[in-house]
Amino acid sequence: MSPRITHKGLDFLADDGGLSAILGVVTVKLHEDTLKDLIGQRIAESDLPTPEKSRLLNQLKSLPGEAIKHLTLKLVDAGLSNWPMALNALETFVRHP
């Protein structure tokens, strides 16, 4: 048995970067800990009283992955529900990447 290169391997070795580069597909994965850190940072920066921040941060740390996924979707929905602010952020980002 001799080693054989797969189609993904050939794609990777192509001079043009392969089909993946041509299509320009980018997959972004945010892991549970990253999401907890991002949400936790917003809680820490909030105007809430310190005991309330501590309580929320502790509860956030104890949430399982599936709950973080659900919470993240709810936060995205909440952000998009406030469309004027979301649009402003989008326009700012597009102008100054």
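Please check: in the Gaussian network model of the chain (C-alpha springs, under 10 Å), which one of Ala44, Ala21, Ala78 has the largest mean-square fluctuation.
Taking springs between Cα atoms under 10 Å, the residue moving most is Ala21.
Along the charge dipole of the range 7-95, Cβ charges K/R +1 and D/E -1, which of Pro51, Phe93, Leu13 sits furthest on the positive end?
Pro51
Give me the count of lysine pairs in the chain whose alpha carbons sit under 16 angstrom apart, restricted to pairs 8 or more positions apart or on different chains.
Step by step, the pairs that qualify in the chain add up to 7.
Normalised by the number of residues in the chain, what is the relative contact order in percent for Cα pairs under 8 Å and 6+ residues apart?
Value for the chain: 17 percent.
Of Val28, Val94, Val76, how do they rank once you tally other Cβ atoms within 10 Å and put the fewest first?
Starting with the residue having the fewest Cβ neighbours, the order is Val28, Val94, Val76.
Under a point spin-label approximation (7 Å from Cα along Cα-to-Cβ), what is the Lys74-Gln59 distance to one decimal in nm?
So the two model labels end up 0.9 nm from each other.
For Asp47 and Leu30 in the same chain, what is the full-extension length gain: residue separation times 0.36 nm, less their Cα-Cα distance, in nm?
Value of the extension gain: 3.5 nm.
Here are several values of semi-axes √(5λ) of the Cα gyration tensor in Å: [x] 39, 22, 11; [y] 34, 25, 7; [z] 34, 13, 11. Which one was derived from the coordinates shown?
[x]
Quick check: the angle from helix 32-45's long axis to the longest principal axis of the chain, C-alpha only, nearest 10 degrees?
Approximately 30 degrees, to the nearest ten.
Given Cβ point charges of +1 (Lys, Arg) and -1 (Asp, Glu) and nothing else, what value in debye, to the nearest 20, does the dipole of the chain about its Cα centre take?
240
Where a number appears in this text, it was derived from the coordinates with a stated rule and is not lab data. What you see is a predicted model; the values in this text were computed from it and never measured. With ideal geometry, Cβ positions are generated from the backbone for all residues, glycine too; neighbour counts draw on all protein chains shown.
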